[in-house]
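Written below as C-alpha cells is the structure these notes are about.
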Amino acid sequence: MWHKPHLLNALADLLMLAGGAALLAAGTVWLVRVQALPVVRVDFVAPLVQTRRQEVERVLPPVLTGNFFSVNLEAVRGSLERLPWVRKVEVRRIWPARLAIKVEEHQAVARWGDGRNELVNNHGEVFAALLPGERLANMPLLYGPSGTAQEVLARYAEWVAVFAKVGEKPVQLLLSPRLAWQLKLDDGMLLNLGREQPKAPVGVRLQRFIEVYPEAVATLAKRPTMVDLRYPNGFAIRVAGEGKGN
C-alpha cells in the first residue's frame, strides 16, 4: 500500500473526514450542554388580548430549560396552547439568545351549550374559557351534538342574514340529538324547523316563511310564541293563550 499513492491519498481523506465529523459532533454536544448561551428574552410577535400575563409567566419558566440550542420549542408551544384563550402557537429561535412567539388567540363568537363555560370561535371550534357577564349575555347561544359546532355556526350565520331581510335577529340555534333544528329570535319567538327533508329542505321551508313573514306574521296583533315549520307546504303559529293557526 505504501507504494500506491492513490490509496494513501484516499486513506488520508477518509481520516480527515472522520476527524471533521468527530469535531462537529463534539461541537454540537458542547453547544447543547454549555450554559453560556441562555435564552435571555422571549418576545411575543403581537400583543395578547385575552390571555393574561400572569398565565404566561406561570407556564413558561418551567419549559425554558437548557440554553439557546437545547430549549425544547415543542414544550414551549405546548405549554402555551394549554392556556384557555390560546388556539395556536409558533415558536422560533432568534440568534443569539431570543425566542419569538406568535400566538393566535380564540375569537369567541357564540356561547356553546349551558353551564360549562364553553364558547365557539370563528373557526367553529369549541373551547372552554371565561368571559365577563355582559359580553357573555350579548352572545348568541349555539348547541348541538359533539362534532357539529362548525355546522351549527355556519347555519346560524346563514339564518342571521336571512332574518335580517325582515328586521329580525336570531339569538339561539339548537340542533337536537335527532338532528332537528330550533331557532329563537331576540323577542323570544321560537321556530321549530325540524329535520332535513329530501323534498322540503330546512332552508326551503325557512325561505318560504320569510317571504310571507311581512303579511302573515308581522301584522298580527299578538306576537307568536312558536312557529312550526316542519310542514312541507306551510307552517303553524301559536300565540300565547290561543290555539294554532297557519
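Data for the structure
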{"item": "Selection within the range 82-97 - within 15 Å of S70 (Cβ to Cβ) and either surrounded by 12 or more Cβ atoms within 10 Å (Cβ to Cβ) or in contact (Cβ under 8 Å) with a residue 40 or more places away in the chain (or both)", "result": "V91, R93, P96, A97"}
{"item": "Filtered residues of the range 35-70 (kept if surrounded by fewer than 14 Cβ atoms within 10 Å (Cβ to Cβ), under 26 Å from the mean Cα position of the chain (by Cα) and of a type in the set (S, T, N, Q))", "result": "Q54"}
{"item": "Residue in the range 204-226 that is modelled with pLDDT of 95 or more, β-branched (V, I, T) and not in a helix (DSSP H, G or I) present", "result": "yes"}
{"item": "Of all residues in the range 132-162 being of a type in the set (A, V, I, L, M) and surrounded by 19 or more Cβ atoms within 10 Å (Cβ to Cβ), the one that is nearest to Q172 (Cα to Cα)", "result": "L142"}
{"item": "The range 162-173 residues that are within 17 Å of E211 (Cα to Cα), paired with ones that are β-branched (V, I, T) and assigned to a strand (DSSP E or B) (beta carbon under 9 Å, 6 or more apart)", "result": "none"}
{"item": "Among the candidates V126, V166, residue that is touching a helix residue (DSSP H, G or I) at 6+ places or on another chain (Cβ under 7 Å), closer than 30 Å to L83 by Cα and of a type in the set (V, I, T)", "result": "V126"}
{"item": "Options V160, V166; residue that is closer than 24 Å to V109 by Cβ and either modelled with pLDDT under 95 or part of a loop (DSSP other than H, G, I, E, B) (or both)", "result": "V166"}
{"item": "Matching entry among K222, K184, K199 (being assigned by TED's automatic domain parsing to the domain that holds L153 and either on the phi > 0 side of the Ramachandran plot or surrounded by 16 or more Cβ atoms within 10 Å (Cβ to Cβ) (or both))", "result": "K184"}
{"item": "Boolean, V227 is closer than 23 Å to T148 by Cα, assigned by TED's automatic domain parsing to the domain that holds V160, of a type in the set (V, I, T) and surrounded by 14 or more Cβ atoms within 10 Å (Cβ to Cβ)", "result": "no"}
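The values are calculated or read from the model by the stated rules, or taken from the named source; none is laboratory data. These figures come from a predicted structure and were not determined experimentally. For neighbour counting, all protein chains shown are included, and Cβ atoms are generated from backbone atoms with ideal geometry for every residue, glycine included.
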